[in-house]
Every structure is written in structure tokens, then in C-alpha cells.
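Scroll down for the structure; my scribbles are underneath it.
The values are calculated or read from the model by the stated rules, or taken from the named source; none is laboratory data. Note that the structure is a prediction, hence the values are computed from the model and not measured. Don't worry about glycine lacking a Cβ; one is built from the backbone with ideal geometry, like all the others, and counts go over all protein chains shown. For the accessible areas, the whole protein counts, side chains as well, though only heavy atoms, and no ligand, DNA or RNA atoms are used. Shrake-Rupley method; radii C 1.70, N 1.55, O 1.52, S 1.80 Å.
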Amino acid sequence: MNKLVRPTFEEIINAADALLADKELVVTEFGTNNDLELHIWKDGEFEPEEDESNMVHIVTLQDGEAVDDTEDTYVTDGSLYDELVRINEYRDFETL
């Protein structure tokens, strides 16, 4: 498991891109109030050579409780960046 503390969006995207299939990235002190923790998992079918399924699933915790999660989010097409902005701004939180 990789861990980042107060990273930039670019650092999160780069770390998520570098994850191997079924691996996890934990981001702490996220959000404008630095009170969110992100758990980002790489898609289990990810093949680095093909890059076809370079997707992650994100669960957002606040005070140890899940407050938001995402379905498959592409890492390198701008989708992950958009999700990070939304989460950072505490917009439209919901759990699936």
C-alpha cells in the first residue's frame, strides 16, 4: 500500500497511474479542510502494457466514516482529476 500526505492532484494522479492491478493508494489530509482520507484501488484487470482498463475506485472517509465513493474512474483522461476536484470541494458526496 502506498501512502501520500497532503499531496497535489498531480501527485495523486501520478501515484494512481503507477499502481499495479488490485493495489491501493491511501491519501490523507485531503480536502479543503484536510480532514478527508481517500482509498484508491486500481482496477483488478489493469494491464500496464495495454492501458485499456487504467481505472480506479475511490472511497472517501471523513472521521473514519465512508462519505463518498466512486465507480470506475479513468486515471489518465481527466476523469480522476475531475473527481479529485469534486471531492476536494466536498461536492455531491454519496455512497453507492
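I'm spelling it out carefully: the read-out is Cα extents along the principal axes in Å, the candidates are (i) 75, 21, 19; (ii) 64, 20, 17; (iii) 38, 25, 22, and one was derived from this structure. Which label? This structure yields the entry labelled (iii).
Be a star and scan the range 70-96 for residues whose amide nitrogen sits under 15 Å from the point 7 Å along the Cα-to-Cβ vector of GLU45. Counting backbone N atoms under 15 Å from the label point, the list is 72-74. Against the chain, whose longest principal axis comes from its Cα atoms, helix 9-18 is set at around 40 degrees. Once backbone amide H atoms are built at 1.01 Å from N, SER53 has GLU47 as its partners under 5 Å, excluding neighbours fewer than 5 places away on the same chain. Taking the DSSP bridge list for the chain and keeping only pairs wholly inside it, about 80 percent are antiparallel. Extension gain for ASN88-ASP63 works out to 7.5 nm (0.36 nm per residue, less the C-alpha to C-alpha distance). Taking Cα atoms, how many degrees apart are the long axis of helix 79-88 and the longest axis of the chain, rounded to 10 and kept between 0 and 90? Value to nearest ten degrees: 10.
When the Cα gyration tensor is reduced to axis lengths a ≥ b ≥ c, the ratio a/c is 1.5 or higher for the range 16-59, and with a/b above b/c it is classed as prolate.
Which whole-number percent gives the relative contact order of the chain, counting Cα pairs below 8 Å spaced six or more residues apart? Relative CO of the chain lands at 22 percent. Gain on full extension, evaluated as 0.36 nm per residue between LEU96 and VAL26 minus their Cα-Cα distance, stands at 23.2 nm. Rolling a 1.4 Å probe over the protein heavy atoms gives the chain an accessible area of 58 Å² per residue. Surface composition of the range 2-89: carbon and sulfur atoms hold 42% of the protein heavy-atom accessible area at a 1.4 Å probe.
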